[in-house]
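Working notes for the structure below.
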Amino acid sequence: MKKVFVLLLLSILLIGCNEPKEQSESWIRVNNLGYLPEAIKVAVVGSKGETTIKEFSIYEADTDKLVYTSKKVEAKGAYGPFSDSHRLNFSDFQETGRFYIMANDTKSPIIKINPNVYDHTADFLMKYMRQQRCGFNPYLAESCHLDDAYIIYHPTKTGERLDVTGGWHDATDYLQYTATSANAVFQLLFAYRENPESFGDYYGADGLPGPNGIPDVIDEAKFGMDWLKKMNPSSTEYYNQIADDRDHSGFRLPNKDTVVYDPAHKGRPVYLASATKQGLLKYQNRSTGVASTAGKYASAFAMGAMVLEEFYPGYTDDLPQRAKDAFEYGKQNPGVSQTAPCKGPYFYEEENWVDDMELAASALYKLTKESDYKKEAISFAAEEKTTPWIGRDTVNHYQFYPFLNAGHHELASVLEGNEKEKVSGYYDQGLEMLCERGKENPFFIGIPFVWCSNNFITAAVTQCKLYRELTGDDKYLEMEAALRDWLFGVNPWGTSMIVGLPEDGDSPVAPHSSLTILEGYPTDGGLVDGPVYGSIFNSLIGLVLYEEDEYAQFQSDLVVYHDDAGDYSTNEPTMDGTASLVYYLSSLESESRATNHKKRQNKYDLNGAIIRGDQKEKNISLVFTGDEYADGTSHILETLNKHNIKGAFFLTGNFYRDQNNSDFIKKALEGGHYLGAHSDQHLLYNDWTPEKKRLVSQEEFKKDLKANYEEMTKHGIKDEEAPYFLPPYEWHDNIITQWADQMGLSMINYTPGTLSHADYTTPTEKNYRSSEEIMESIMNFEEKKGLNGFILLSHVGTHPDRTDKFYHQLDGMIENLNSKGYQFDSLDNLLRLK
């Protein structure tokens, strides 16, 4: 956490012997991720003491040059932990670069203004979605809950087995809910439908690294859809939940879940959605019908029928009928089917259902063009014009869910004239209430700080965007910016609310997650629950912070947030909140693209390794590997230094341990070259067959790689300075890539197409390649296809039998490629996406 302290001193040499005034501290809160150049941009100053700010300035971060001064300051008074606050509006400053703000003597964190700040962020959230998968979990590369499930609360099938393995775990616990999962499926498909170019392809359908020709968001949505189909085995069976709060039995990895629900049945229970009040032990819910669940099924199925057909021909054939059946079942069984408690009183207390049926009818109208669905959608929309949580100080847990009524957008987008204006106006009514509630506080936030407050923020900012899209009315643009910026650091704590985003700014590092607590794995991409009222936090039973509160001075009776794994109320990532944010982030990237911005894209191989940087510019990175031989190190360094090129050296633990290499390592570090890992013992991870049979266990892999990094540490190379890993023999599979990812490393490899990597071969070998052949292959490839973004790999040394050393050709190759317009970039810069 970045903290800037301002000391206001009064000289004791002035008239009399007055005591100095109490010291005042101030902090400037900014969007840690950054700002689009043309966006509304407002920073907030919070102060512990009376402070007067009349103007502020912006400076270039790298030169400290003054570039902007403004008097657009609005005093806002006390709020939360601050006794004084101000809003600093710099929307008219549209230069790109890295800057900081000065207000009086208070300095902000670095702010980035660039069209690229939201690039890849929607895809980044997919990391958490994949991590939440049940069945085969690609993050762990292991399986869990394969015995799900045995049926309960069915009038004739109770005790029978139903295969419902799959879907997503809801949060840190391993319960699974149709309500949140169906909403997530819809949100992911909606995000892709509206902003398809914002999504890339870096993972396969199984969630393991390596592209498969289908955008990752579509792979993830289909994974959720597969589960919804299982949970809907007939037109009268709509299952609502897997497991219950007996799951809350301490921290454990999902593949090591040992909870036994019923000794007479394998696996976990699956609950039928019905009007029956459910709860097997002390507590029960207040279910009244099935429409809330059936409506969610229907909208997800209808959206799937519209979006997935392009990618999975035949898979969607049954989705239109499933959507129609679910909608009809919802009409026949009005009311809510709440999630089921068990040994505790906590459950999702959803009370509204017409919004679900409106969304279902609207999606079905888009799918079928049948006018009856339009009429029903209009009727349902009028019954719940504004989502009931809007305008309230407090609501029960998931009392009104989903937090966003997406039905208004689905419906209004196919209406015209007065009908469209009327339905769009329902959004306007809610936004006006949020605006009135938030406009007097410095953060412009009008949502209730109950559990999952960040989900309310996400719903509100999305509603702003959808309303603006439907109507062209931008009167809520500043509130939209405030809601967005709250999620990324313009809040009392100055932190982003998405784990790992941004990578180089303040974001949660200790989420309430078994994966983090037990193994230290990050939950990258997960939107945490968010701040709660102080009164809620203080009433919680059994909550104990694990560490000293780094945000202690920013807590207040109004609102509390902790980046602490012990705080399950504010710092637990949730699957549905994360999925619901995907659309808005994708829309920001889309807005940037509309200004002719083109995002940088790396290329990946089928095993998930980065094999090429962005190809829009003529940049090349020179990469070298080393293990047993080091005869070319001095010559390579001299050549690189001659041309002012920063190379990247991936070296084994054997290489780092060899005292003969110490001088080279020292000089390479002093020269600013990248030094990374290549495995400790230069192990072969997979055999050479097309199947790539794995030759090491995960334990052996981790032990070997950790030993490599331990040797690097002895040379002063910090782990965070070496985030890339190049596998030994340049040979691996996607499981190895995933294991590396668990260790926080990004797998890279050379760009295929040339013979540069064959410089290790010796004349007695069948696959021997001379330096002349290698050079010819490079130049031929350049002439035919170009080397833009190339990772060009060779070795720092070779067997003595090879006297034709390719590194002696390095100088000529560099000069030749320079003459063709190529620049040699560092690996970090070549692969940097922003």
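The values are calculated or read from the model by the stated rules, or taken from the named source; none is laboratory data. Quantities reported herein were computed from a predicted structural model and do not represent experimental measurements. Heads up, the Cβs are rebuilt from the backbone with ideal geometry, glycines too, and the neighbour counts pull from every protein chain shown.
Checked against (1) at pLDDT 95 or above; (2) surrounded by fewer than 23 Cβ atoms within 10 Å (Cβ to Cβ), D504 passes all but condition (1).
Taking first residues from region 231-249 that are in the same structural domain as Q321 (by TED's automatic domain parsing) and free of Cβ contacts under 8 Å to residues at least 24 places away in the same chain and partners that are aliphatic (A, V, I, L, M) and assigned to a loop (DSSP other than H, G, I, E, B), the Cβ contacts under 7 Å between residues at least 6 apart in sequence or on separate chains come to S249/V259. Residue count for region 391-437 satisfying the condition of being aliphatic (A, V, I, L, M) and farther than 26 Å from E349 by Cβ: 5. Among the conditions (1) outside any loop (DSSP other than H, G, I, E, B); (2) without any contact (Cβ under 8 Å) to a residue 60 or more places away in the chain, I517 misses just one, which is (2).
If the condition is being farther than 18 Å from T523 by Cβ, modelled with pLDDT of 95 or more and of a type in the set (S, T, N, Q), then region 238-265 contributes N240, Q241. Every listed requirement among (1) out of contact with any Phe, Trp or Tyr (no Cβ under 8 Å at 6 or more places or on another chain); (2) surrounded by 21 or more Cβ atoms within 10 Å (Cβ to Cβ); (3) in a loop (DSSP other than H, G, I, E, B) is met by L833 save one, (2). Within region 295-303, identify whether any single residue is touching a Ser or Thr at 6+ places or on another chain (Cβ under 8 Å), among the basic types (K, R) and within 25 Å of Y365 (Cβ to Cβ), and answer yes or no. Checked region 295-303: at least one residue is touching a Ser or Thr at 6+ places or on another chain (Cβ under 8 Å), among the basic types (K, R) and within 25 Å of Y365 (Cβ to Cβ).
Taken over region 724-744, the criterion of being closer than 22 Å to F624 by Cβ, in contact (Cβ under 8 Å) with a residue 40 or more places away in the chain and within 27 Å of the chain's Cα centre (by Cα) is satisfied by Y724, F725, L726, P727, H732, I736, T737.
L669 meets each of the listed conditions (1) in a helix (DSSP H, G or I); (2) among the aliphatic types (A, V, I, L, M); (3) touching a helix residue (DSSP H, G or I) at 6+ places or on another chain (Cβ under 9 Å) apart from (3).
Since D557 meets every condition but one in (1) surrounded by fewer than 16 Cβ atoms within 10 Å (Cβ to Cβ); (2) over 25 Å from T394 (Cβ atoms); (3) modelled with pLDDT of 95 or more; (4) of a type in the set (D, E, K, R), which condition does it not meet? So D557 meets the others, but not (2).
Within the option set P492, P511, being buried (at least 20 other Cβ atoms within 10 Å of the Cβ), more than 30 Å from E436 (Cβ to Cβ) and not assigned by TED's automatic domain parsing to the domain that holds N31 holds for one residue only, P511.
Identify, please: which residue in region 191-217 is of a type outside the set (S, T, N, Q), in a helix (DSSP H, G or I) and in contact with a helix residue (DSSP H, G or I) (Cβ under 6 Å, 6 or more places away or on another chain) and is, among those, surrounded by the fewest Cβ atoms within 10 Å (Cβ to Cβ)? The selected residue is R193.
When D687, D704 are checked against the criterion of being under 35 Å from the mean Cα position of the chain (by Cα), in the same structural domain as H732 (by TED's automatic domain parsing) and surrounded by 15 or more Cβ atoms within 10 Å (Cβ to Cβ), D704 stands alone in meeting it.
Being assigned to a loop (DSSP other than H, G, I, E, B), under 19 Å from D262 (Cα atoms) and modelled with pLDDT of 95 or more is true of D148. Is it the case that region 782-793 has a residue that's surrounded by fewer than 22 Cβ atoms within 10 Å (Cβ to Cβ), in a loop (DSSP other than H, G, I, E, B), polar (S, T, N, Q) and without any contact (Cβ under 8 Å) to a residue 40 or more places away in the chain? No; the residues of region 782-793 include none that is surrounded by fewer than 22 Cβ atoms within 10 Å (Cβ to Cβ), in a loop (DSSP other than H, G, I, E, B), polar (S, T, N, Q) and without any contact (Cβ under 8 Å) to a residue 40 or more places away in the chain. Considering every residue within region 548-570, establish whether at least one is under 27 Å from the mean Cα position of the chain (by Cα) and farther than 30 Å from T121 by Cα. Among the residues of region 548-570, at least one is under 27 Å from the mean Cα position of the chain (by Cα) and farther than 30 Å from T121 by Cα, which makes the answer yes.
Taken over region 735-755, the criterion of being closer than 14 Å to Y139 by Cα, among the aliphatic types (A, V, I, L, M) and out of contact with any Phe, Trp or Tyr (no Cβ under 7 Å at 6 or more places or on another chain) is satisfied by I735, M743.
Here Y476, Y467, Y521 are screened, and the one residue that is among the hydroxyl-bearing types (S, T, Y), over 23 Å from D84 (Cβ atoms) and within 18 Å of the chain's Cα centre (by Cα) is Y521. Residues that are among the acidic types (D, E) and in contact with a helix residue (DSSP H, G or I) (Cβ under 9 Å, 6 or more places away or on another chain) within region 149-178 comprise D163, D170, D173, listed in sequence order. On the given criteria, is N255 in the same structural domain as A302 (by TED's automatic domain parsing), part of a helix (DSSP H, G or I) and among the polar types (S, T, N, Q)? Taking the combined requirement at face value, the residue satisfies it. Scanning region 762-793 for residues that are closer than 18 Å to Y729 by Cβ and touching a strand residue (DSSP E or B) at 6+ places or on another chain (Cβ under 6 Å) yields a total of 3.
Looking only at residues of region 1-60 that are of a type in the set (K, R) and under 19 Å from S556 (Cβ atoms), we find that the one that is modelled with the highest pLDDT is R29. Scanning region 524-536 for residues that are buried (at least 20 other Cβ atoms within 10 Å of the Cβ) and over 25 Å from the mean Cα position of the chain (by Cα) returns a single hit, Y533.
Kindly establish whether D564 is of a type in the set (D, E) and touching a Lys or Arg at 6+ places or on another chain (Cβ under 6 Å). Criteria not met by D564.
Of all residues in region 374-385, those that are under 13 Å from A406 (Cα atoms) and in the same structural domain as F327 (by TED's automatic domain parsing) have Cβ atoms under 6 Å from Cβ atoms of residues that are in a helix (DSSP H, G or I) and acidic (D, E), 6 or more apart or on another chain, in A377/E358; F380/E358; A381/E358; E384/D355.
Listed by first and then second residue, the pairs with beta-carbon distance under 7 Å, at least 6 apart or on different chains, first residue in region 319-343 and among the acidic types (D, E), second surrounded by fewer than 22 Cβ atoms within 10 Å (Cβ to Cβ), are D325/S235. Taken over region 749-769, the criterion of being of a type in the set (A, V, I, L, M, F, W, C) and either touching a Gly at 6+ places or on another chain (Cβ under 9 Å) or not assigned by TED's automatic domain parsing to the domain that holds A630 (or both) is satisfied by no residue. Conditions: (1) surrounded by fewer than 21 Cβ atoms within 10 Å (Cβ to Cβ); (2) in contact (Cβ under 8 Å) with a residue 40 or more places away in the chain; (3) small (G, A, S). G812 meets all but one. Number of the miss? Status for G812: all satisfied but (2).
Among the residues of region 234-246, at least one is in a loop (DSSP other than H, G, I, E, B) and more than 32 Å from the chain's Cα centre (by Cα).
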